[in-house]
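Student: Let me begin by handing over the structure; questions about it come next.
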Amino acid sequence: AQRVTQPEKLLSVFKGAPVELKCNYSYSGSPELFWYVQYSRQRLQLLLRHISRESIKGFTADLNKGETSFHLKKPFAQEEDSAMYYCALSGYSGNTPLVFGKGTRLSVIA
Amino acid sequence: DTGVSQDPRHKITKRGQNVTFRCDPISEHNRLYWYRQTLGQGPEFLTYFQNEAQLEKSRLLSDRFSAERPKGSFSTLEIQRTEQGDSAMYLCASSFRQVRDTEAFFGQGTRLTVV
């Protein structure tokens, strides 16, 4: 069964502190992993996907197949990073609908 | 705004009534998805289309739910005989699939409240 687990509902950090949002997945095969973000009163939008291997807004995420994890990291949190973050997976080449985790609310304290 | 649009943004209905939501995807996108999101949960997949063909339906989609995408453009999601448990945010997303999917772009959602 496909499953995405985000163990933290809420993560509070101080501005300038490092951030790590955890994501573990269960999937038989080669999944594609994504992080989506929802800022207050805005629509859900893609932050990054593992195949792009990009750094977006200072965030990075590395797919660890051995640990079945795709944790989201940023070395120095900014207040504008406060949002709801969802980890999601789909099948190889995105050929199946996204399966989302329950999300983690990141609160960056000034 | 050339993104995914959903209508209405909010709907309050009495239990037992039928409701219909509309989603207009990004014009060149051939895939369209419906998701449902309740408080404290991530979006849960309901169904999706490639062009006008409905390719998959989740077990969440009871017989009271039906979705169409008649000409491969906009889509409608109808809920018949609404129940209080149907209260949720209904999200639509679209993407373009050729060899692989582009990212999925989401609409702002329709919030349904069943009273």
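The values are calculated or read from the model by the stated rules, or taken from the named source; none is laboratory data. The structure displayed is predicted, hence computed values, not measured ones. Because the Cβ atoms are built from the backbone with ideal geometry, glycine has one as well, and the counts that use them run over all protein chains shown. Side chains included, ligands, DNA and RNA excluded: accessible areas come from the protein's heavy atoms. Shrake-Rupley method; radii C 1.70, N 1.55, O 1.52, S 1.80 Å.
Student: Computed over the Cα atoms of the protein assembly as shown, what is the ratio Rg over Rh, Rh following Kirkwood?
Tutor: Values: Rg = 17.6 Å, Rh = 18.1 Å.
Result: Rg/Rh = 0.97.
Student: For every other residue with a beta carbon closer than 12 angstrom to the beta carbon of B:F45, add +1 if it is Lys or Arg and -1 if Asp or Glu, then tell me the sum.
Tutor: So the surrounding residues net to +1.
Student: Any of A:K73/B:K57; A:K15/A:K57; A:K57/A:K102; A:K15/A:K102; A:K9/B:K11; A:K57/B:K11 with alpha carbons more than 26 Å apart? Name them for me. The partial results should precede the final answer.
Tutor: On the way: A:K73/B:K57 34 Å; A:K15/A:K57 15 Å; A:K57/A:K102 22 Å; A:K15/A:K102 24 Å; A:K9/B:K11 28 Å; A:K57/B:K11 35 Å.
Exceeds cut-off: A:K73/B:K57; A:K9/B:K11; A:K57/B:K11.
Student: Run the dipole for the protein assembly as shown about the Cα centre, Lys and Arg Cβ at +1, Asp and Glu Cβ at -1, nothing else charged, and hand back the magnitude in debye, nearest 20. It would help to have the intermediate numbers written out before the result.
Tutor: On the way: 30 positive and 23 negative charges, 88 e Å.
I would put it at about 420 debye.
Student: Also: Rounded to the nearest 100 Å², what's the accessible area chains A and B bury against each other, both chains counted, probe 1.4 Å?
Tutor: 1700
Student: Tell me the GluC sites (Glu not before Pro) within segment B:52-115 that lie in a loop according to DSSP and have at most 12 other beta-carbon atoms within 10 Å.
Tutor: Details: sites: B:E52, B:E56, B:E68, B:E78, B:E83, B:E103; in loops: B:E52, B:E83, B:E103.
Those satisfying the criteria are B:E83.
Student: If you don't mind, there's one more thing I want to ask. As an exercise, use a Förster radius of 22 Å and the Cβ-Cβ distance of B:K71 and B:Q98 to find the FRET efficiency, rounded to the nearest 0.05. It would help to have the intermediate numbers written out before the result.
Tutor: On the way: r = 20 Å, r/R0 = 0.92.
E between B:K71 and B:Q98, to the nearest 0.05, is 0.60.
Student: Taking all protein chains in place and a 1.4 Å probe, what share, in percent, of the accessible surface of the protein assembly as shown do carbon and sulfur account for? Don't jump to the answer; show the numbers that get you there.
Tutor: Working: 5470 of 11650 Å².
Roughly 47 percent, rounded to a whole number.
Student: Taking +1 at the Cβ of each Lys and Arg and -1 at the Cβ of each Asp and Glu, which of A:S40, A:I56, A:A88 sits farthest along the dipole of segment A:3-109 towards its positive end, judged by Cα position relative to the Cα centre?
Tutor: A:S40
Student: Using the heavy atoms of the protein chains and a 1.4 angstrom probe, tell me the accessible area per residue for segment A:3-109 in square angstrom.
Tutor: Details: 5290 Å² over 107 residues.
On a per-residue basis, segment A:3-109 sits at 49 Å².
Student: To continue, here is another question. How many percent of all Cα-Cα pairs in chain A sit more than 20 Å apart? Working shown, then result.
Tutor: Working: 2057 of 5995 pairs.
For chain A, the share of Cα pairs beyond 20 Å comes to 34 percent.
Student: Follow-up question, since we're still on this one. Using the heavy atoms of the protein chains alone and a 1.4 angstrom probe, what is the accessible area of segment B:45-115 per residue in square angstrom? Show your work: numbers first, answer last.
Tutor: Numbers: 3540 Å² over 71 residues.
Solvent-accessible surface per residue comes out at 50 Å².
Student: Taking θ = phi - 60°, what integer Hz values does the Karplus form 6.51 cos²θ - 1.76 cosθ + 1.60 yield along segment B:2-9, in sequence order, with x for Gly and Pro?
Tutor: So the Karplus estimates, Gly and Pro as x, are 9, x, 6, 10, 10, 9, x, 7 Hz.
Student: Against the empirical 2.2 N^0.38 Å scaling, what ratio does the C-alpha Rg of chain B come to? It would help to have the intermediate numbers written out before the result.
Tutor: Working: Rg = 13.5 Å, N = 115, 2.2 N^0.38 = 13.4 Å.
Its radius of gyration relative to the 2.2 N^0.38 Å reference: 1.01.
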